[in-house]
1. Only one residue in VAL149, VAL178 is modelled with pLDDT of 85 or more and either outside any helix (DSSP H, G or I) or of a type in the set (Asp, Glu) (or both). Which one?
2. Return the pairs, sorted by first residue and then second, in which the second residue is exposed (fewer than 14 other Cβ atoms within 10 Å of the Cβ) and not in a helix (DSSP H, G or I), the first residue lies in segment 162-187 and is without any contact (Cβ under 8 Å) to a residue 60 or more places away in the chain and not assigned by TED's automatic domain parsing to the domain that holds PRO79, the beta carbons are less than 8 Å apart, and the residues are 6+ apart or on different chains.
3. Is it the case that some residue within segment 75-87 is in the same structural domain as LEU34 (by TED's automatic domain parsing) and farther than 17 Å from PRO53 by Cβ?
4. Taking the stated definitions as given, is ASP59 under 16 Å from the mean Cα position of the chain (by Cα), surrounded by fewer than 23 Cβ atoms within 10 Å (Cβ to Cβ) and touching a residue at least 40 places away in the same chain (Cβ under 8 Å)?
5. Output the strands (runs of 3 or more DSSP E) that fall wholly within segment 1-92 and possess 1 or more residues being in contact with a helix residue (DSSP H, G or I) (Cβ under 9 Å, 6 or more places away or on another chain), over 13 Å from ILE120 (Cα atoms) and aliphatic (A, V, I, L, M), or say none.
6. Would you check which residues across segment 89-112 are more than 22 Å from LEU45 (Cα to Cα) and at pLDDT below 90 and list them?
7. Just name the residue that is surrounded by the fewest Cβ atoms within 10 Å (Cβ to Cβ) out of those in segment 156-187 that are within 19 Å of ARG75 (Cβ to Cβ) and more than 18 Å from the chain's Cα centre (by Cα).
Amino acid sequence: MSASKIIRVLMVDDHAMMRIGLATFLQAFDDLELVGEASDGVEALELCDRLQPDVVLMDLVMPGMDGVTATRAIRQKYPHIQVIALTSFEEAELVHGVLQAGAIGYLLKDVSAEKLAEAIRAAMEGKPSLAPEAARILIEAATRSSAPVFQLTDREREVLALMAEGMNNTEIAKRLVVSQSTIKSHVSSILSKLGVNSRTEAVAVALQKNLIPPSSR
């Protein structure tokens, strides 16, 4: 990402004071621009269609269409838009739900301005950002899984490291000079072995358990 790239951010939260606070925070960073605010999932979808933001900061517990449902709809219709869950809740169901829906990050609302800015920039590069509480939930779930956890082949570790760099299947296939179907098979095997359901969860578990070098984050 170019150093001069302005990241367009859409904020979704049903609490006006939270939106005001986040708007003030965004003004402190020259590379972040607030392009819109939504109070629920339905409005978020409408604004994504009209404004085409780069990153959406998504509250999860809202009346009407909740954040998990909205995240899934946004990621299916606009796969180029990244979503970061920004919530007060750390329940396992919410963590798994929104990551499976396609969110690339899960942060709590007490996160510092600097950490949130870093997460937004990371999202633009396809890299996940997780609150420690969310990472712990994923690790515990993977540890409890009956799947053959962590028994990755050398090639699967290589693919996982490239996933952590934010590469998609097409880019990984090109890097490793293999077919996309081969990479798709590797990714499916990786998710199964780690006992997770999404690429973001897989990368989070891998980094926490040192299955790939920390530099791959």
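1. Details: VAL149 fails: modelled with pLDDT of 85 or more.
One residue alone meets the criteria, VAL178.
2. That search, which allows pairs on different chains as well, returns GLY166/GLU125; ALA173/SER179.
3. First, pick out the residues of segment 75-87 that are in the same structural domain as LEU34 (by TED's automatic domain parsing): 75-87.
So of that shortlist, the ones also farther than 17 Å from PRO53 by Cβ come out as 87.
Yes; the residues of segment 75-87 include at least one that is in the same structural domain as LEU34 (by TED's automatic domain parsing) and farther than 17 Å from PRO53 by Cβ.
4. Details: under 16 Å from the mean Cα position of the chain (by Cα): yes; surrounded by fewer than 23 Cβ atoms within 10 Å (Cβ to Cβ): no; touching a residue at least 40 places away in the same chain (Cβ under 8 Å): yes.
Judged against the criteria, ASP59 is not a match.
5. Details: elements: 7-12, 32-38, 55-58, 82-87.
Because the criterion is at least 1 residues that are in contact with a helix residue (DSSP H, G or I) (Cβ under 9 Å, 6 or more places away or on another chain), over 13 Å from ILE120 (Cα atoms) and aliphatic (A, V, I, L, M), the strands (runs of 3 or more DSSP E) in segment 1-92 that meet it are 7-12, 32-38.
6. Within segment 89-112, PHE89, GLU90, GLU91, ALA92, GLU93 meet the criteria.
7. By that ranking, first place goes to THR170.
For every residue, the table says whether it meets (1) small (Gly, Ala, Ser); (2) within 17 Å of ALA123 (Cα to Cα); (3) touching a helix residue (DSSP H, G or I) at 6+ places or on another chain (Cβ under 8 Å).
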{"site": "ALA173", "(1), (2), (3)": "yes, no, yes"}
{"site": "VAL177", "(1), (2), (3)": "no, no, no"}
{"site": "ILE183", "(1), (2), (3)": "no, no, yes"}
{"site": "ALA206", "(1), (2), (3)": "yes, no, yes"}
{"site": "ASN210", "(1), (2), (3)": "no, no, no"}
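The values are calculated or read from the model by the stated rules, or taken from the named source; none is laboratory data. Everything numeric in this text was worked out from a predicted model, so none of it was measured. Heads up, the Cβs are rebuilt from the backbone with ideal geometry, glycines too, and the neighbour counts pull from every protein chain shown.
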